[in-house]
């Protein structure tokens, strides 16, 4: 199936677009124009993009066509992609959801350089909430991002703009970042595959310690193969000054797509870490988790219930995350008075707990040993990605700090533990609930388990075929599909 603009049929998927460009069935210029047209048609409804790099992308597409004509081949040569607005693009600002007169970035972030080296055409920077704090991508400065499957609801956050852009077919792949589920949560709520790599796999430079070790960039795509291909482009080239460094995988992650994962022991875990608010998972969401567990059992895996023992992992996450917010505001925000009062409160709290960051880091080995007991008898953890379906757009707009934190922690209590541990995880779609609302599940592993998780996700995708279900383009302003 292809997405069609008024002039150009566009193959779906990063790999399909790359193949069409390499084979001469499509030019990069035509593909870009179709992409820009779709973005323009939907920006008034979805608001996926904070910035569209029209002129720069056209120049890059023209250059890609010259390289293609000369016989050059690269993984994403001429393929349009989007980056999240926490990522520096030389000559453009990086407000990360915040208002104010930001200075343009002096140089590209390393992941932008990686995308360029692979030949990708970066079409724009996607919307996110202020400093990525919430699982809902609304901001005072740049407005509300909407879910292509149901525009009354959020696509999630904080990588909601990236998720909305891919789910709507505006681009075939986009980069997000995940400090507490911010790739996995929007992937869950938009029927996408989202990979949170293990810590140190993908560079965050010029940020040297993103989220005090809890944050990492990761890909969003419709299929496992596309997500793995984008991961392969992003991974590596970690700057020597970055705090966390990991050895590269032994082979490209794409090599695990289609590989038989073998018979795995899968722990189904539906208990969340302790947080200060009670949460009662949605029954339909939990039913979706059970259904996926049954599918995995039918595929031949040994599937068992397991209760994780987290310990005080939430304290480590709160300390490191709020201290990061404080630092980001201090280092980057030109006028903190323009920030949402909740962001200012988080930054103030982060300033108070900054002296505890090293202690929070120091607790990590004990927390990893505690949570990691599950892997003494299991290979993979299956867990809900969220406790609730997508929240409604604007659901936190009028709330104060405590009410906001209560609502979002009840909706999304399952993802952040793996950020503290630095271990990899993948969201895969788990179906739809309510009024056409996507939900997902996480496949979670330990350091180095990305290939295992990808092979299992691809096996599940072959059975589930979630990529065949699309949002109705007429609902969000796209004229044809």
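The values are calculated or read from the model by the stated rules, or taken from the named source; none is laboratory data. Everything numeric here is computed off the predicted structure, so don't read it as measured data. Cβ: placed from backbone, ideal geometry, glycine included. Neighbour counts: every protein chain shown.
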Taking region 195-230 and keeping residues under 11 Å from the mean Cα position of the chain (by Cα) and closer than 20 Å to residue 251 by Cα leaves 195, 196, 197, 217, 218, 219, 227
Can you give me the number of residues within region 75-111 that are buried (at least 19 other Cβ atoms within 10 Å of the Cβ) and at positive phi? 3
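Yes or no, residue by residue, for (1) modelled with pLDDT of 95 or more; (2) within 18 Å of residue 443 (Cα to Cα); (3) out of contact with any helix residue (DSSP H, G or I) (no Cβ under 6 Å at 6 or more places or on another chain):
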residue	(1), (2), (3)
217	yes, yes, no
222	yes, yes, no
227	yes, yes, yes
237	no, no, no
247	no, no, yes
262	yes, yes, yes
Filter region 400-410 for residues that are more than 22 Å from residue 48 (Cα to Cα) and touching a residue at least 12 places away in the same chain (Cβ under 8 Å) and give the result. 400, 401, 404, 405, 406, 407, 409, 410
Determine whether region 277-284 contains at least one residue that is surrounded by 12 or more Cβ atoms within 10 Å (Cβ to Cβ) and out of contact with any strand residue (DSSP E or B) (no Cβ under 8 Å at 6 or more places or on another chain). yes
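Conditions tested, residue by residue: (1) within 19 Å of the chain's Cα centre (by Cα); (2) within 26 Å of residue 319 (Cα to Cα); (3) part of a strand (DSSP E or B).
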| position | (1), (2), (3) |
| --- | --- |
| 378 | no, no, no |
| 397 | no, yes, no |
| 402 | no, yes, no |
| 413 | yes, yes, no |
| 419 | yes, yes, no |
| 431 | yes, no, yes |
| 475 | no, no, no |
| 479 | no, no, no |
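Matching residues to (1) free of Cβ contacts under 8 Å to residues at least 40 places away in the same chain; (2) in contact with a helix residue (DSSP H, G or I) (Cβ under 8 Å, 6 or more places away or on another chain); (3) in a helix (DSSP H, G or I); (4) farther than 29 Å from residue 400 by Cβ:
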{"position": "300", "(1), (2), (3), (4)": "yes, no, no, yes"}
{"position": "317", "(1), (2), (3), (4)": "no, yes, yes, no"}
{"position": "346", "(1), (2), (3), (4)": "no, yes, yes, no"}
{"position": "353", "(1), (2), (3), (4)": "yes, yes, yes, no"}
{"position": "371", "(1), (2), (3), (4)": "no, yes, yes, yes"}
{"position": "383", "(1), (2), (3), (4)": "no, yes, no, yes"}
Determine whether residue 356 is crowded, with 20+ Cβ neighbours inside 10 Å, at pLDDT 95 or above and out of contact with any strand residue (DSSP E or B) (no Cβ under 6 Å at 6 or more places or on another chain). no
Evaluate region 226-237: report whether one residue or more is free of Cβ contacts under 8 Å to residues at least 24 places away in the same chain and assigned to a loop (DSSP other than H, G, I, E, B). no
Kindly state which strands (runs of 3 or more DSSP E) lie completely within region 1-104 and contain at least 2 residues that are in contact with a helix residue (DSSP H, G or I) (Cβ under 7 Å, 6 or more places away or on another chain) and modelled with pLDDT of 95 or more. 49-52, 80-84
